[in-house]
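*Asks:* Pasting a structure here, questions to come.
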There are 2 protein chains.
Amino acid sequence: MSTYDDLMAFQRETEALGQIAGRLGWDQETVMPRGAAEQRGEEMAAIEGVIHARRTDPRIGDWLDAAAPEDAVATANLRHIARSYRRATRVPARLAAELARTTSIAQGKWAAARAADDFAAFAPVLGRVVALKCEEAECIADGRDPYDALLDDYEPGATSATLGAMFDALRPRLIALRDRALGSDRQPPRLEGSFDPDTQMRLAERLALGFGYDLDRGRIDRAVHPFSSGSGADVRITTRTEALDPFNCLYSTIHEVGHAAYEQGIDPDYLFTPLGAGVSMGVHESQSRLYENQIGRSRAFTGWLHGEMTRAFGDTGLDADGFYGAVNRLHRGFIRTEADEVQYNLHVMLRFDLERDMIAGRLDPADLDEAWNARFQSDFGYPVDRPAHGCLQDVHWSVGLFGYFPTYTLGNVYAGCLMAALRRDLPDLDRALARGDTSPATGWLRENVQRHGGLYAPRDLIARACKAEPDEGPLLDYLKAKFGAIYGF
Amino acid sequence: MSTYDDLMAFQRETEALGQIAGRLGWDQETVMPRGAAEQRGEEMAAIEGVIHARRTDPRIGDWLDAAAPEDAVATANLRHIARSYRRATRVPARLAAELARTTSIAQGKWAAARAADDFAAFAPVLGRVVALKCEEAECIADGRDPYDALLDDYEPGATSATLGAMFDALRPRLIALRDRALGSDRQPPRLEGSFDPDTQMRLAERLALGFGYDLDRGRIDRAVHPFSSGSGADVRITTRTEALDPFNCLYSTIHEVGHAAYEQGIDPDYLFTPLGAGVSMGVHESQSRLYENQIGRSRAFTGWLHGEMTRAFGDTGLDADGFYGAVNRLHRGFIRTEADEVQYNLHVMLRFDLERDMIAGRLDPADLDEAWNARFQSDFGYPVDRPAHGCLQDVHWSVGLFGYFPTYTLGNVYAGCLMAALRRDLPDLDRALARGDTSPATGWLRENVQRHGGLYAPRDLIARACKAEPDEGPLLDYLKAKFGAIYGF
């Protein structure tokens, strides 16, 4: 065996252990007995300890020094392994343990503070998390901006400068679009009524299959928060049902199917290698958002879905155009995960700016509440009514996810680019979507994006697929055309 | 930290990883997507490899040499760890790998051979498994009989000589009892009709709760083969439903609850230590069989269950005495897992003798089919009709479980002893069971057996609980009294 083969054999086992840890996470959110949480914590710590010891095993350094890649796949594998090894070995064990302990405590404090609407109860531990993340960022920065070092964990190669420029270009245009739509005389209707949850689940499964989700290599369960987990032949999704809001179940399902189809669509040869998972959070989100919005909320597809809803639940009280409007209507609100397609990105950019300020030391975490509320008022035009609807709404910061939020909007930008390329290549797309047939679109994405896994750098992957450097233009064009038509301008 | 503390900290993590591997097994049998089997195999191999490396870590030898136990718990922990370490280090890695590979192949061949009723297709790989198990037994025998070395994996301290003597005493008495019952003029009725599977599951859950199963620390799912898995705060069971045979679901559930209640009942201080699991297969089976048979199939409890069945499904067509007879009726059959309380042990003893002969080299695995059929005819009085009903019915040998079968009957013997002791201590037991209240019995078992986990050697544990050395007498007395009353002799 060559040095490269030795390294990859070791890596395969580490990747397999990582899959197991992911499966435990799925178990915890779906089927774990309520009383098992503490015991599970010790089990997770044990397997994470094993994985961390393997990721920092000094043999990796020796293998990396000696390995000579013979092709593009080997080169990409070595690039990923070197990056992960450097990342893992730069952070002292003491700091890693302190981060694990503090974020575990912080998550509990956050949940309690959110339930009690009490930012002051969360602020001290948030301060400690931020301090530790700053320390971690210094360890891995290598001369980069500390925030960029954290961002790199989720979106390799991205920088806050380029994202910031992109977001600054987007923000005023999105606000203008939102204001024009909400100020229009023509307002789309709402979907009214109550919808049997089990029927919602049956329709969600049909939609999942229709979007190419392979249930022989996955499964759908209910969970409090929808998510997708796993790789290769075992990629599971969850969704949730609310009797008064069937779109929550249906579009959460389509969104998670986008994530899952990406993982299921990766070249099986890459399984248990660094190429065998989605390459970045931004690219992942581009798939889920494109499935959910550009396809799932398109006029053509909702026309078909309107028929399915009517068959499943009886008359919805809406015609196909009204249904399209109801699926896409803009609305006021405080919560990112409930936001519409236009305003979602405003929620993200607010977080991006605030977390950059915290990591740079420009914003004291104790003042986050105040800064959040001021910024929200400025971007949305009305005040936050309580902390649970403001800076306590998301779990991310409590568990140390700094640099993660911007990948949501980057995913939307990538989705915009991909959809433009896809429509160029598939002129008959809407005819298929109107029959509920998403296979031309999902097939294009599998061929041009999903199958490559981690082979190309994220931005390069999108540029190859689109045959153009990605920017925010296509997303803005798409949103303007779509919402202009719905709101009559 | 003392040497003992270092050892136990290392052991805790190993035990936690073992729990994770067990959870993957549960996942595989209940919720895993069909297409994920191959991928799961690699994941299991990875975690088993980590666990094996830890179980043979040379530091354990050093710690064991240096550790000075300060109390009975520490002494017992060191005894278990030393036993496991000796066992794991005596088997060369080459042999362990060869066994894993061959049994994996053999399990597939066995399933195909059973489906095709083709013993010849299974015989060659069975021969290889037996040869490897003989080699393994030599490695770990330490001067003992090789079969005893294998038996010790499942029932520490047991020997084939003492089990053989016990079984030879049981066999003719069980055959005589069976023949007398089946030849009697008085034959109990059968339960007729069809029983809604979902209603069966609801009743099974009520029974599980009634037998003290804590659903906050467990869950019930359906699976092809009922089983129990896990420890401490996460002990899960499965059952199955057949519309024409509700007893299958209900008594499988009670049986698995016996296993699960044992694990849930262990002193929580022992979690993630060698004392934190049931001490042997025989003691485990004593709990499951006692819950299922001595309690669950008693006249007092079935009287209550008859009322519950009638409430759940409507008139069963049987009065309480007829129902008791139907639950307990003896019947001809080929399959161990479907056997009645009397003949079950005949199935086990047949396997015990044949597997001893194979390991001792007295029986060529190629001749197993013939030897099985001859012995079956002799013990049961009618010929095996096909291999799937004969030596291909159980998975055990294909996966290398030699020395496991006798623990089933040892468990019945222990259950007989425990039930006699329990009735002595609880004179009002039947009055509680007639109300469906099993708590005096399960409370006694928790206090006298379950909470101790691995603290005492298996036989010592039963002797302490019963205040007498265990033997087959109480089981025989119980069976004679019970079936004499049902069959009128």
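The values are calculated or read from the model by the stated rules, or taken from the named source; none is laboratory data. Predicted model only: the values in this text are computed from it and were never measured. Cβ: placed from backbone, ideal geometry, glycine included. Neighbour counts: every protein chain shown.
*Asks:* Consider A:T316 carefully, then state whether it is more than 14 Å from every other protein chain (Cβ to nearest Cβ), without any contact (Cβ under 8 Å) to a residue 24 or more places away in the chain, of a type in the set (S, T, Y) and surrounded by fewer than 21 Cβ atoms within 10 Å (Cβ to Cβ). Give the steps one after another, and end with the answer.
*Replies:* Details: more than 14 Å from every other protein chain (Cβ to nearest Cβ): yes; without any contact (Cβ under 8 Å) to a residue 24 or more places away in the chain: no; of a type in the set (S, T, Y): yes; surrounded by fewer than 21 Cβ atoms within 10 Å (Cβ to Cβ): yes.
It is false that A:T316 is more than 14 Å from every other protein chain (Cβ to nearest Cβ), without any contact (Cβ under 8 Å) to a residue 24 or more places away in the chain, of a type in the set (S, T, Y) and surrounded by fewer than 21 Cβ atoms within 10 Å (Cβ to Cβ).
*Asks:* Restrict the check to region A:162-183 and report whether at least one residue is in a loop (DSSP other than H, G, I, E, B), surrounded by 15 or more Cβ atoms within 10 Å (Cβ to Cβ) and assigned by TED's automatic domain parsing to the domain that holds A:R332. Write out each step before concluding.
*Replies:* At the first step, the residues of region A:162-183 found to be in a loop (DSSP other than H, G, I, E, B) are A:183.
Now narrow it down to the ones that are surrounded by 15 or more Cβ atoms within 10 Å (Cβ to Cβ): none.
So far as region A:162-183 goes, no, none of its residues is in a loop (DSSP other than H, G, I, E, B), surrounded by 15 or more Cβ atoms within 10 Å (Cβ to Cβ) and assigned by TED's automatic domain parsing to the domain that holds A:R332.
*Asks:* Just one of (1) in contact (Cβ under 8 Å) with a residue 24 or more places away in the chain; (2) of a type in the set (G, A, S); (3) not assigned by TED's automatic domain parsing to the domain that holds A:L410 trips up A:A131, so point out which.
*Replies:* (1)
*Asks:* Moving to a separate point now. From the list B:T75, B:T56, B:T89, which residue is surrounded by fewer than 16 Cβ atoms within 10 Å (Cβ to Cβ), modelled with pLDDT of 95 or more and of a type in the set (S, T, N, Q)? Break it down into steps so the answer makes sense when it comes.
*Replies:* Details: B:T56 fails: surrounded by fewer than 16 Cβ atoms within 10 Å (Cβ to Cβ); B:T89 fails: surrounded by fewer than 16 Cβ atoms within 10 Å (Cβ to Cβ).
Every option except B:T75 fails the conditions.
*Asks:* Something else about it: Do you know which residues across region B:22-39 are more than 7 Å from chain A (Cβ to nearest Cβ) and touching a residue at least 12 places away in the same chain (Cβ under 8 Å)?
*Replies:* B:G22, B:G25, B:W26, B:Q28, B:E29, B:T30
*Asks:* Here is a further query. What single numbered condition from (1) within 9 Å of chain B (Cβ to nearest Cβ); (2) without any contact (Cβ under 8 Å) to a residue 60 or more places away in the chain; (3) within 20 Å of B:A45 (Cα to Cα) fails to hold for A:Q19?
*Replies:* All conditions pass for A:Q19, except number (2).
*Asks:* List every residue pair whose Cβ atoms sit under 9 Å apart, with the two residues 6 or more apart in sequence or on different chains, where the first one lies in region A:392-406 and is assigned by TED's automatic domain parsing to the domain that holds A:F376 and the second, anywhere, is small (G, A, S) and part of a loop (DSSP other than H, G, I, E, B).
*Replies:* Short answer, once both residue conditions are applied: A:G403/A:A158; A:P406/A:A158.
*Asks:* Would region A:91-98 turn up any residue that is more than 14 Å from chain B (Cβ to nearest Cβ) and touching a residue at least 60 places away in the same chain (Cβ under 8 Å)? Full working, then the answer.
*Replies:* Filtering region A:91-98 for residues more than 14 Å from chain B (Cβ to nearest Cβ) gives A:91-98.
This time we only want the ones that are touching a residue at least 60 places away in the same chain (Cβ under 8 Å), so: none.
Scanning region A:91-98 turns up no residue that is more than 14 Å from chain B (Cβ to nearest Cβ) and touching a residue at least 60 places away in the same chain (Cβ under 8 Å).
*Asks:* Look at region B:152-161 and say how many of its residues are in contact with a Ser or Thr (Cβ under 6 Å, 6 or more places away or on another chain) and either over 30 Å from B:R79 (Cβ atoms) or in a helix (DSSP H, G or I) (or both).
*Replies:* So the answer is 1.
*Asks:* Please determine whether any residue of region B:291-304 is surrounded by fewer than 23 Cβ atoms within 10 Å (Cβ to Cβ), over 21 Å from B:P406 (Cβ atoms) and out of contact with any helix residue (DSSP H, G or I) (no Cβ under 7 Å at 6 or more places or on another chain).
*Replies:* no
*Asks:* Go through region A:40-73 residue by residue and tally those that are within 20 Å of A:D6 (Cβ to Cβ), within 12 Å of chain B (Cβ to nearest Cβ) and without any contact (Cβ under 8 Å) to a residue 40 or more places away in the chain.
*Replies:* Selection size over region A:40-73: 3.
*Asks:* Identify all residues within region B:110-125 that are more than 15 Å from B:E98 (Cβ to Cβ) and either touching a helix residue (DSSP H, G or I) at 6+ places or on another chain (Cβ under 6 Å) or crowded, with 18+ Cβ neighbours inside 10 Å (or both); write none if there are none. Break it down stepwise before answering.
*Replies:* Initial filter on region B:110-125 (more than 15 Å from B:E98 (Cβ to Cβ)): B:110-124.
B:W110, B:A113, B:R114, B:D117, B:F119, B:A121, B:F122, B:A123 - these are the residues of region B:110-125 that are more than 15 Å from B:E98 (Cβ to Cβ) and either touching a helix residue (DSSP H, G or I) at 6+ places or on another chain (Cβ under 6 Å) or crowded, with 18+ Cβ neighbours inside 10 Å (or both).
*Asks:* Considering B:T310, B:T239, B:T273, which residue is of a type in the set (V, I, T) and crowded, with 23+ Cβ neighbours inside 10 Å?
*Replies:* Details: B:T310 fails: crowded, with 23+ Cβ neighbours inside 10 Å; B:T273 fails: crowded, with 23+ Cβ neighbours inside 10 Å.
Of the residues listed, the single one that is of a type in the set (V, I, T) and crowded, with 23+ Cβ neighbours inside 10 Å is B:T239.
*Asks:* Which strands (runs of 3 or more DSSP E) sit wholly inside region B:192-255 and have at least 1 residues that are away from chain A (no Cβ under 14 Å)? It would help to see each step written out before you state the result.
*Replies:* Working: elements: B:220-222, B:228-231, B:234-239.
Hits in region B:192-255: B:234-239.
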